[in-house]
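Okay, so here's the structure we're looking at.
The values are calculated or read from the model by the stated rules, or taken from the named source; none is laboratory data. Since we're looking at a predicted model, the values are computed, not measured. Virtual Cβ from ideal backbone geometry, glycine too; neighbours counted across all protein chains shown. Accessible surface is based on the protein model in full, side chains and every heavy atom, while ligands, DNA and RNA are left aside. Shrake-Rupley method; radii C 1.70, N 1.55, O 1.52, S 1.80 Å.
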Amino acid sequence: MKRPRHWWLQAVVLLAVLTLLGVLVNNLTVNLIRTGLGLSFSWLTRPAGFALAEHPLPFSPSDSYAWALLMGWLNSLKVIGAGLVAATLIGVSAGAARRSSNHLLRGLAALYVGLIRQIPLVLQLLFWYFVAFLALPSNPDSMSPLPLLFRLSNQGISLLGVPLSVEFCAVLVGLAVFSGASIAEVVRGGLDAVPRGQWEAFRSLGLPEGMGLRRIVLPQALPAILPGLSSQYLNLAKNSTLAIAVGYADLYAVSDTSITQTGRAIEGFLLLLLSFLLLNLLINGGMQLLNRLVMQTLRHR
C-alpha cells in the first residue's frame, strides 16, 4: 500500500494537536485541584432559585437547575425552528426577487440585502424589541382588524389563540430578517449557476415568471443552494444566543444565570457546548440528507 505524500507533515500536525489538548486538560485539572472545586455535576439536582419569564413546560424556582436548563434548551429550539422557516421564506423570496425581470422588485430586494447585512444583529434585535414591539399600544384590539385570529400589542402577539411573548417575537423577527438576507445571496448565487438558456426557454413558452422559477430554474439551482443554505442555518442557530440581549430565556441565558449562582463555569459551559454541538449536528445531518435526496431526484429525472 502506497503511503500518501507528506505523511510526516500530517503526523506532525496530529501530534501538535494532541499535545495542545493535553496541555489544556492538564491546566484545567491543576486549576480545579488548586481551587478545591473539582469537576462535579451534582448542582444540577439542586433548586434553581430563579424564575423564567417563558417556559414551554411547567416551571417554578423550586425546580432543579437541570429542569431550568431543559426549559432554556426548549426555548432555543422553539425560536431556532421558527427562525429557520421564516428566514428560508424571506431568503428564497428575496433571492428570487434579485433575479426578477421587474426592476422595482429587484431594486427593493437588493436594498434589503445590502442594508440588513451591514447592521450588526444585536442592534437589529434591540430595534425590534424596543422600537418595533414595545412601542405598540397596550390594547391589542386597537391593532388588529381580526382580533379573534390575530392580536398585536406591546405585551406580545396572539396568533390563533397562541400567545407569543414580546421577547420571542423580537428574537424571531430579528433572526429571520438578518439570516434571510444572507440566504437571499445564497439563493441568488444558485440561480446564477443555472444556464441562461433555461430562463429564456420558459419565458419563450409563455410561462409566468413565478411558475418558471418554481418548476424550471429552482430545482436545477438546488444542488448549488443547499450547501450554502446549511451554513446559514448553522449560523442562525449560533446567533440565537444573542437573544439574551432582549431578555429571552434561551439556553445561553439560563446557563449564564446558573453559572453565576453556582460558580460552576466549567461544567456550565461544557453543557452549553454539548447542547449546541448536538443541535448543530442535527441541523447539518438533516441538510446532508436533504441534499442526497435532491441529488437522487435530479439523477432520476
Eigenvalues of the alpha-carbon gyration tensor of the chain, times 5 and square-rooted, give semi-axes in Å, largest first, of 40, 33, 16
Per residue value of the accessible surface for the chain (all protein chains in place, 1.4 Å probe), Å² | 57
Rank these by accessible area, largest first, 1.4 Å probe: LEU278, LEU242.
-> LEU278, LEU242
Which residues qualify? For SER100, with a placed amide H closer than 5 Å and at least 5 residues away or on another chain, they are none
Please arrange HIS6, HIS103 by accessible surface area, largest first, computed with a 1.4 Å probe and ligands excluded.
-> HIS103, HIS6
Whole-Hz Karplus couplings 3J(HN,Hα) for the stretch 196-202, θ = phi - 60° and coefficients 6.51, -1.76, 1.60, Gly and Pro as x, run 4, x, 5, 5, 5, 5, 6
Rounded to the nearest Å, the spacing of the alpha-carbon centers of the stretch 117-139 and the stretch 272-297 is 31
Amide hydrogen neighbours beyond the local backbone of LEU164, cut-off 5 Å, H modeled | ILE157, SER158, LEU159
Difference of contour (0.36 nm per residue) and Cα-Cα distance, LEU290 to VAL17 | 95.0 nm
Point-to-point label distance, THR297-LEU24, nm (Cα→Cβ direction, 7 Å offset) | 4.0
Would you mind getting me the FRET efficiency between ALA66 and LEU32? Use the beta-carbon distance for r and R0 = 22 Å, nearest 0.05.
-> 0.55
Work out from phi, with θ = phi - 60° and the Karplus expression 6.51 cos²θ - 1.76 cosθ + 1.60, the ³J(HN,Hα) of each residue of the stretch 78-92, listed in order in whole Hz, and give x for Gly and Pro.
-> 5, 6, 5, x, 5, x, 4, 5, 5, 5, 5, 4, 5, x, 5
Cα-based Rg / Dmax (Å) for the stretch 55-122 | 19.1, 60
For PHE150, which sequence-distant residues (separation of 5 or more, or a different chain) have an amide H within less than 5 Å of its own amide H, given hydrogens modelled in the peptide plane?
-> LEU160
Ordered by number, the trypsin sites (Lys or Arg not before Pro) in the stretch 1-95 that occupy a DSSP loop and have at most 10 other Cβ atoms within 10 Å are LYS2, ARG5
How much of MET211 can a 1.4 Å solvent probe reach, expressed as accessible area in Å² and rounded to 10?
-> 60
Give the distance, in whole Å, between the Cα centre of the stretch 49-101 and the Cα centre of the stretch 157-217.
-> 21
Quote the convex hull volume per residue of the stretch 1-141, based on C-alpha atoms, as a whole number of Å³.
-> 325
If we count every other residue with Cβ under 13 angstrom of LEU175's Cβ, Lys/Arg +1 and Asp/Glu -1, where does the sum land?
-> 0
Tell me what the chain gives for mean residue ellipticity at 222 nm when only DSSP H runs of n ≥ 4 count, each as -39,500 (n - 2.57), the sum divided by the residue total, rounded to 500 deg cm²/dmol.
-> -21500 deg cm²/dmol
For the pair TRP8 and LEU89, the simple spin-label estimate (label points 7 Å beyond Cα toward Cβ) gives in nm 6.0
